[in-house]
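Here the structure comes first, spelled out in structure tokens, and everything after it is commentary.
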Amino acid sequence: MQMIPASFNRVTVDLEAIKHNYRLLKKAAGNAAFLAMVKADGYGHGMIECSRALQEEGCRQFGVAELREAILLRHAGIQSTIYVMVGIDPMDAEYICEYNLTPVVYDMVTLEALSQAAQKHNRILPVHLKVDCGMSRLGIQEDQIEAFLQKIESLSGIQLAGIASHFPSADDVASESTANSYRRFQGYLSKAGKKTSIIRHIANSGATLYFPETHSDMVRCGISLYGCYPDGEKKRADDGLQPVMSFTTRVVQVKDIPEGTGVSYGSTYVTTRPTRLAVLPIGYEDGFSRQLSNCGEVLIRGRRAPVRGRVCMNLTMVDVTDIEGVTSGDEVVILGEQGTERITADEIAAKIGTISYEVLCMIGNNNERIIR
Ligand SMILES: *Cc1c(COP(=O)(O)O)cnc(C)c1O
């Protein structure tokens, strides 16, 4: 087969950084078991490669959103426990047996389907019950717990292996929400009785880092593994989490235009002086959001260059008038380090009114990834 040339744009994923973050978070988790969330193709970093690296490092629990991701992980040779966090279509219950997966459940129909599949495969399936502690997302309500416990007890082939919930505001150190949710979690657990075999888990990255009293039996970390603090940069320290993803492109054209010239669609930027622009082959198609029009920055020759005019689908112009010697072919950093400067996912997120999670997914899942 003929080789297809590489894109100008490339995402680089540093597996050593993810391993570093894993070791740091594992320490923070103390005695609690550690589950690595690798949904959304590992938050844009490559689910399979990240899972392999983490498994090598000793991680034995992985979490994905949907069944199909779990099956892809099995096909890639991940033998650790895989939690299917969003639950399954009851029609797909047999896959849980076939691939030895751990479903998170919150409805009776799925429990029945899992029970039937388990009996057919002559197995006892562990299930984790999802309870709602104030997120109002997935999970049963407090007045339903008895009925669910009875149902699980009464069905052959399945066994309650865990109770799980999720915090809505664990990224906010000052909020009382986490304490309140955790209290509600305790309420569910006391109704479930003292089965020591049950794994209790509720802590995400925020709770793992900022609310150690909520670690319970297992923590589930996502964003922190990928090097971002859940509350942005506030907690950043040199010996802390390391960013895993970087994103680079290169200059494809340099041009000088006079004062008073419009730049890009709609001429939303008009030059106020004779200006040197670098044209970059990135756009919103590559996860460089159109909301970065006239406000984004990139790094060229170790300096910050501001975006001028609208970000197009595949092209963006930046102002390099004040940067000496820029030529086509120069490396451009969109996310990551160059010289002494760094652009973080949190910086980009703040500019476009979102969170690092979305920036990483947008960039990581829309570009060729080099994983090393
Ligand atoms: C995504 C997710 C996590 C991880 O959250 P982070 O804030 O990325 O650490 C944990 N639990 C559930 C149920 C999730 O969906």
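Every number in this text was worked out from the coordinates using simple rules, so none of it is lab data. This structure is a prediction, so every number in the text was calculated from the model and none was measured. Virtual Cβ from ideal backbone geometry, glycine too; neighbours counted across all protein chains shown.
Checking each residue in the range 69-87 for being within 16 Å of the ligand (Cβ to nearest atom) and either surrounded by fewer than 21 Cβ atoms within 10 Å (Cβ to Cβ) or closer than 16 Å to residue 19 by Cβ (or both) picks out 81, 86, 87.
Take the range 250-268 and flag every residue that is acidic (Asp, Glu) and either surrounded by 13 or more Cβ atoms within 10 Å (Cβ to Cβ) or farther than 18 Å from residue 325 by Cα (or both). Within the range 250-268, 259 is the sole residue that qualifies.
Which of the following residues is farther than 25 Å from residue 13 by Cβ and either more than 16 Å from the ligand (Cβ to nearest atom) or free of Cβ contacts under 8 Å to residues at least 24 places away in the same chain (or both): 286, 322? None of the other options fit; the residue is 322.
Scan the range 35-57 and report the pairs whose first residue is part of a helix (DSSP H, G or I) and whose second residue is among the charged types (D, E, K, R) and away from the ligand (no atom under 16 Å from the Cβ), with Cβ atoms within less than 8 Å and a gap of 6+ or a chain change. If the second residue must be among the charged types (D, E, K, R) and away from the ligand (no atom under 16 Å from the Cβ), the pairs left are 42/49; 53/19; 54/19; 56/19. Within the range 132-143, residues that are touching a residue at least 40 places away in the same chain (Cβ under 8 Å) reach partners that are crowded, with 18+ Cβ neighbours inside 10 Å and outside any loop (DSSP other than H, G, I, E, B) with beta carbons closer than 6 Å, at six or more positions or on different chains, in the pairs 133/181; 133/185; 134/181; 138/130. Among all residue pairs at least 6 apart or on different chains, which show Cβ distances below 8 Å where the first residue, located in the range 1-30, is without any contact (Cβ under 8 Å) to a residue 60 or more places away in the chain and the second is surrounded by 15 or more Cβ atoms within 10 Å (Cβ to Cβ)? What qualifies is 19/53; 19/54; 19/57; 23/57; 26/34. Would you check if residue 113 is in contact with a strand residue (DSSP E or B) (Cβ under 8 Å, 6 or more places away or on another chain), farther than 18 Å from residue 200 by Cα, of a type outside the set (Val, Ile, Thr) and not in a strand (DSSP E or B)? No. Restricting attention to the range 174-227 and to residues that are part of a loop (DSSP other than H, G, I, E, B) and within 11 Å of the ligand (Cβ to nearest atom), the residue that is surrounded by the fewest Cβ atoms within 10 Å (Cβ to Cβ) turns out to be 222.
Of everything listed in (1) within 14 Å of the ligand (Cβ to nearest atom); (2) more than 16 Å from the chain's Cα centre (by Cα); (3) of a type in the set (D, E, K, R), the single unmet condition for residue 255 is (1).
Taking the range 286-372 and the strands (runs of 3 or more DSSP E) fully enclosed by it, the elements with 2 or more residues that are more than 18 Å from residue 252 (Cβ to Cβ) are at 303-308, 331-338, 341-343, 369-371.
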